[in-house]
Amino acid sequence: MKNYPLILIGLLFFSTTGLALEKSGSNPTDEVRQHMQQAVPYSLDKTQQTFTKTVHGGVQHVLAKSADDTQQIKLIQEHLLKLANQFRKGDFSSTERIHGADMPGLAQLKRAEPDDIKFEYKALKNGAQIHFSTEYPQYDKALHEWFDAQMSDHGNDIIPEHIKHHMTPAE
């Protein structure tokens with residue numbers, strides 16, 4: 001009984017400290033969204049983006065919310081093709097502009113030789129995807145860290161039909 005006031009004071013202290021820390025930091029998702037909208041040609045409000053980790057890397061999808069929105073689909077496809085080509089050359093400057101130089105996994109990805117990581121672009125009927133894959137454990141780890149950071153900063157839209165087909169060992 002004598003310890004209840006002490007426990008209550010401790011709980012109160014830690015809960016208010018956590019709340020103060022939460023309020024003092026800026027919301028990275030809002031900041032990243034602003035940077036991203038400036039960096040991409042398509043409308044973030046008219047698209048969905050997912051980052052799905054796989055055994056050997058991951059897959060980024062960007063899809064138009066409306067299958068009839070041919071303008072958004074074309075913009076998505078052009079942008080992801082450009083990104084895949086940049087990544088193949090070791091150019092992650094677009095990611096760095098949005099997320100910062102200290103983004104998890106980014107420094108390691110930039111050290112990869114051109115054939116160490118595959119960046120396979122694929123146009124989809126309602127958007128596009130980039131499949132990132134590697135056989136090298138250090139780059140697989142870097143890709144997973146990079147994907148975790150992407151999901152944390154952007155959020156991750158749920159597109160059930162895409163999750164199932166990316167979780168096989170062949171990926």
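Every number here is computed from the coordinates shown, using simple stated rules; none is lab data. No experiment lies behind these values; they were computed from the predicted model shown.
Annotation: extensible slack from Thr70 through Ala101 equals 7.8 nm (criterion: 0.36 nm per residue apart, minus Cα-Cα distance). Couplings for segment 85-90, taken from phi via the Karplus curve 6.51 cos²θ - 1.76 cosθ + 1.60 with θ = phi - 60°, read 5, 5, 4, 4, 8, x Hz in order; Gly and Pro are left as x. Its relative contact order, with pairs defined as Cα atoms under 8 Å and 6+ residues apart, puts segment 101-152 at 43 percent.
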